[in-house]
Amino acid sequence: MADVRVFGTALDAASATADEIAAAVKAKPDLVLGVATGATVVPVYRRLVAAHHAGLSFAGVRCFSLDEYVGLPAMHGSSYRAEMRAQFYNPVGLPPSQCFAPDGMADDPLAEAARYEAAIARAGGVDLQLLGIGVNGHIGFNEPPADFNQGVHVTDLASTTLVANRRFFQPSEMQPTRAITMGVRTILSARKLLLIATGLGKRDAIAAALRGPVSPACPASSLQMHSNALVILDADAASGL
Ligand code: GLP
C-alpha cells in the first residue's frame with residue numbers, strides 16, 4: 001500500500017515532492033531519475049532549480065522521460081523533450097548525454113520503444129520515478145484498460161487525454177494522437193515511485209487509484225502492487241479518499 005501524504009496547497013505538495021527528489025540526489029549523487037511532464041510537475045522542477053541555485057548538484061544524475069509524443073521533433077516546444085530541457089535540464093546544467101527520452105520522430109516507433117527499454121536497463125534501472133496522473137487514471141501514457149505486463153510501447157491516446165492536453169498546443173496545430181511510453185511494467189520496476197496529484201480534477205482518479213481495486217481500468221491502481229510508493233497530494237486531490 002502506498003504511503004500517502006496530504007498537503008494544504010498544490011505548492012506545498014510540489015515543494016514536498018521536490019524535497020523528496022533532492023534528498024534522493026543527496027543520498028545517491030549518481031541517481032537514475034525517471035521524470036514526468038505535465039502542468040502538475042512544473043512547480044516541482046521550479047523548486048529543484050532553486051535548490052540547484054542554493055548548491056544542490058545534479059552533475060551525476062541521469063534522467064529518463066516517462067513518455068513522448070509520436071511525430072513531434074525534439075525542438076517542438078510542446079514535445080516532452082523540449083519541456084524537460086526548458087524546465088529542468090538546462091537550468092540545472094544537465095548535459096544531453098545524461099538526459100534520455102524516446103525519440104518521437106523515429107522512423108520505426110516500435111524499434112524505438114525497444115531501444116529505450118534497453119537504455120533504461122543499461123543504466124541499471126530507475127532509482128526514483130516521478131509520476132503525475134491523468135484524469136482517467138493514466139500514468140505515463142498508459143491509458144485504460146492498461147496491460148500491466150507491458151514494457152516501453154507505442155500507444156494511442158485516449159480521447160479524454162487528447163482533450164486534457166489540447167491546452168498545450170496552438171489552436172492551429174495538429175495534436176499528436178500517439179505516444180511512446182514506459183509501460184506499467186517498466187514503471188513498477190523502478191525502485192521507488194513518487195506520484196504527485198493536485199487539484200479537484202484529479203480527485204476521482206486518485207480515489208480510484210488508491211482506494212479502488214487494482215485494475216486495468218485505472219492504470220495508477222498498479223501502484224498498490226509496489227512496495228515503495230509515495231503519493232503526495234494537495235487537499236483537493238485527496239478529497240475523495
Ligand atoms: C500527461 C502525461 C502524464 C502526466 C499527466 C498529467 O498526459 N503523459 O505523464 O502525468 O498527463 O498531466 P497534468 O499534470 O498536466 O495534469
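Structure data summary
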item	result
Among beta bridges that DSSP assigns inside the chain, antiparallel share in %, nearest 5	30 percent
Kyte-Doolittle mean at least -1.0 and Cα axial length at least 24 Å: DSSP H helices in the chain	10-27
Global geometry of segment 1-117, whether rounded, prolate or oblate, following the gyration tensor of its Cα atoms and the 1.5 cut on a/c	prolate
Average Cα contact separation per residue, the chain, under 8 Å, 6 or more apart, as relative contact order %	27 percent
Hydrodynamic radius by Kirkwood, which averages 1/r over all alpha carbon pairs of segment 40-180, in angstrom	16.1 Å
Normalised convex hull volume, segment 3-240, alpha-carbon set, Å³ per residue	113 Å³
Shape call, segment 121-211: gyration tensor on alpha carbons, a/c limit 1.5	oblate
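No lab work stands behind these numbers, since they all come straight from the coordinates. The model shown is predicted, which means the values in this text are computed figures rather than measured ones.
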